[in-house]
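I have placed the structure first, in the form of structure tokens, so that the comments after it can refer back to it.
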Amino acid sequence: MTTAERPGPALQPEMGFFTDTSICIGCKACEVACKEWNRIPVDDMGLTGMSYDNTQGLGGSTWRHVAFVEQPLPGRTPGDGHGGHEHGHGHDEHGHGGHGSHGSGGHGGPGADLGHGGDGRVVAAGELGGGQTATTGDGGSRLRWLMASDVCKHCSRAGCLDVCPTGALFRTEFGSVVVQQDVCNGCGYCVSACPYGVIDQRPGDGRVFKCTLCYDRLGDGMEPACAKACPTRSIQFGPLEELRARARERVGELHRAGVGEARLYGEDTEDGVGGDHAFFLLLDEPEVYGLPPDPVVPTRDLPDMWRHAGLAALTLLAGVTAAFALGRGETRRAPRTAARRGAAQAVRRAARAGKRGMGR
Amino acid sequence: MVPKGEFRSYYGMPVLNQPTWKAADIAGYLFMGGLAGASSALAAGAELTGRPALARPAKITALGAISLSAAALIHDLGRPERFANMLRVFKPTSPMSMGSWLLAAYGPLAGLGAVTDVTGLFPRAGRAASCGAGVLGSLVTTYTAVLICDTAVPSWHEGYRQMPFVFAGSAASAAGGLGMIAAPPAQAGPARRAAVLGAALELGAVERMRRSMGLAAEPYGAGRAGRLLRAATALSVAGAAGAAVLARRSRTAAILSGAALLASSACTRFAVFHAGVASARDPKYTVVPQRERLEARAKEPGAHRAPDPARVTAPG
Ligand code: SF4
Ligand code: SF4
């Protein structure tokens, strides 16, 4: 019932991104490359003070966003005597041996074996794939940095595309979702219909913008600018099927290396959006990165919504009919008896239908 | 397990982008559209039962309100000059597209009904147009519920089963209220009854909606949305009581009760609007219900995805 069915001409496989956040170093080369290639204007250049992330999120002028999470290592809860509550300033203690004593031992969680080399070094991203890990002087790891480059998911069932009333949003031959800027009238419906908070209106312009999966570059056989610029290959571009296989392999590899928290996000074609064309390998719950844990395309419930709206409309008509039928004798030209009886029956029927409808 | 009320997020930042819609435009659009649609239904009834003094103001209200609501919708566009782009596609998956076509059909009928009534020209065509507008008007009042519920905004989407009934009730009480103000009490009987029935439907449906939508109900009781909804309830009860008891005898009471009902309907629409915006701003309303859904699914027998072995309890 949706317009979101993939077109898929036989020869053109669906393309997408696999973003492996376990090897992201947070350099933001993707953000810069995206801005440059797509000639996106600057947005707010302020400092957030919350972390090294001053971009904050995706929007009309930000189509790649590198999230930066600083947290105590998994398996160390504030209550277990390891200073999990010190996250946020723990990295200041880096190298101060005097603070190290209560930071060692008790590597209870699956991620706790990461990144402590005994020599107190910070394990490089990608070495084990557990995120960047800061350590205390005696080598006991205390916190980790998670970095993830977020982007439009190019959902297989895309809320933005479904609700767009002008046809500005369309599905390309690559399976991606793109806005035609010369058609969009800035109604903003897509903004509220995206379960991921991706597409947004550009202030001062009025229209909406988002990642195009570099539609222009793809047409010329090039990969998207962000994937091209990524120095660690955290962002990989390719045929979706190939990427999915590679991603599953990578998760297996990480699990064998002891990174039990590695998981894929958005690769499942059975999920609420029919699977994403841009999916991720994450090292923590999606919400930690600002992603919804179980997104569902709003239009999934649209037939049911129309059914309820129809019943409510009938209820309204029935109510108005009742308002007239109950007033017999009020005016000189009262309706004839037969018509009145018929109307009263219709009212009762519709009222019953309305009651049933509202309960579901 | 996530303990109740606790959840993780990215520095407390919202998961969703905030609705770009402006409160005055879109809540105003919801209110005006409802007033227009229900006024058309009332006008059709008045026309058919020989109540010209009720029919005429109801028809004029319908035309005025639908014009204002269309103006508000166009004003809200980022590129208002491109509003006609909505009519370049017919798209069943987009409630805004369907709504545009509905308004394109309804607007001229409402216009024809009002103009023929005032001028006395083409009475037969006018009557047919008024009846058509009355039927389509019922959809105009409820489609706007689909419009806002077909979004990822928790406090809109989770209420999609009851929202059309809330809007239908709110519209009927507003149109009834206007009829009480504009028509002499002798012909305003149906308006009074529509107002009372509408207020009852609205109050009942709001209550039912808030009970059934889980965490997403919270914004309806807090902040600006909460204040607006409490005001709407008070005005609705007062207006309906006035309509039922006093408005038949006293014109002043009819006007006061009618005004209270109109104000109540507007407050309801603004309350719904602001509740949605508040629910999009706080990641809690997105994350917690989704997390609970995942956990419930993991517990189901035969769940193909095992619960995550690496659940971390530390705050993000
Ligand atoms: S992530 Fe949002 S903007 Fe991107 S395709 Fe999906 S619904 Fe549309
Ligand atoms: S803002 Fe533009 S792209 Fe988004 S739904 Fe409206 S017309 Fe379509």
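For the stretch B:1-56, the solvent-accessible area of protein heavy atoms averages 34 Å² per residue (probe radius 1.4 Å; ligands and nucleic acids excluded).
Among the residues of the stretch B:161-204, those with an accessible-area drop of 40 Å² or more from chain alone to full protein complex, heavy atoms and 1.4 Å probe, are B:Arg161, B:Phe165, B:Arg193, B:Leu197.
Each Lys and Arg Cβ is given +1 and each Asp and Glu Cβ -1; about its Cα centre, the stretch B:23-282 then shows a dipole of about 500 debye. In a DSSP loop and with at most 15 other Cβ atoms within 10 Å, the GluC sites (Glu not before Pro) in the stretch B:1-87 are B:Glu6.
Chains A and B together bury some 7500 Å² of accessible area, summed over both sides, with a 1.4 Å probe. Take the convex hull of the alpha carbons in the stretch A:226-314; its mean projected area over all directions comes to 8.1 nm².
Return the carbon/sulfur percentage of the accessible area of chain B, one whole number, probe 1.4 Å, all protein chains in place.
Numbers: 7990 of 12050 Å².
It is 66 percent, rounded to a whole number.
Taking B:Arg82, B:Arg251, B:Arg192 as the candidate residues, the one with maximal mean-square fluctuation in a Gaussian network model of chain B, Cα springs under 10 Å, is B:Arg82.
For the set A:Lys153/B:Lys91; A:Lys35/B:Lys91; A:Lys210/B:Lys22; A:Lys28/B:Lys91; A:Lys228/B:Lys299, the pairs lying more than 31 angstrom apart at their alpha carbons are A:Lys35/B:Lys91; A:Lys28/B:Lys91; A:Lys228/B:Lys299. Fraction of C-alpha pairs exceeding 26 angstrom in chain B: 50 percent, rounded to a whole number.
Normalised by the number of residues in chain B, the average gap of Cα pairs under 8 Å and 6 or more apart makes the relative contact order 23 percent.
Around A:Glu253, what is the net charge, scoring Lys/Arg as +1 and Asp/Glu as -1 over all other residues with Cβ under 11 Å from its Cβ?
After counting each charged neighbour, the total is +2.
Accessible surface computed residue by residue for the stretch B:186-238, with neighbouring protein chains in place and a 1.4 Å probe, gives 43 Å² per residue.
Using a Gaussian network model of chain B with C-alpha springs under 10 Å, which one of B:Ala168, B:Ala36, B:Ala234 is most mobile by mean-square fluctuation? With Cα springs under 10 Å in chain B, the top fluctuation among B:Ala168, B:Ala36, B:Ala234 is at B:Ala234.
Contact with the other protein chains removes 40 Å² or more of accessible area, compared with the isolated chain and a 1.4 Å probe, from these residues of the stretch A:295-320: A:Pro298, A:Asp301, A:Leu302, A:Met305, A:Trp306, A:His308, A:Ala309, A:Ala312, A:Ala313, A:Leu316, A:Leu317, A:Val320.
Counting only residues at least eight positions apart within a chain, or on another chain, the lysines with an alpha carbon under 21 Å from that of B:Lys284 are B:Lys4.
The values are calculated or read from the model by the stated rules, or taken from the named source; none is laboratory data. These figures come from a predicted structure and were not determined experimentally. Heads up, the Cβs are rebuilt from the backbone with ideal geometry, glycines too, and the neighbour counts pull from every protein chain shown. Only protein heavy atoms, including side chains, enter the accessible area calculation; ligands, DNA and RNA are left aside. Shrake-Rupley method; radii C 1.70, N 1.55, O 1.52, S 1.80 Å.
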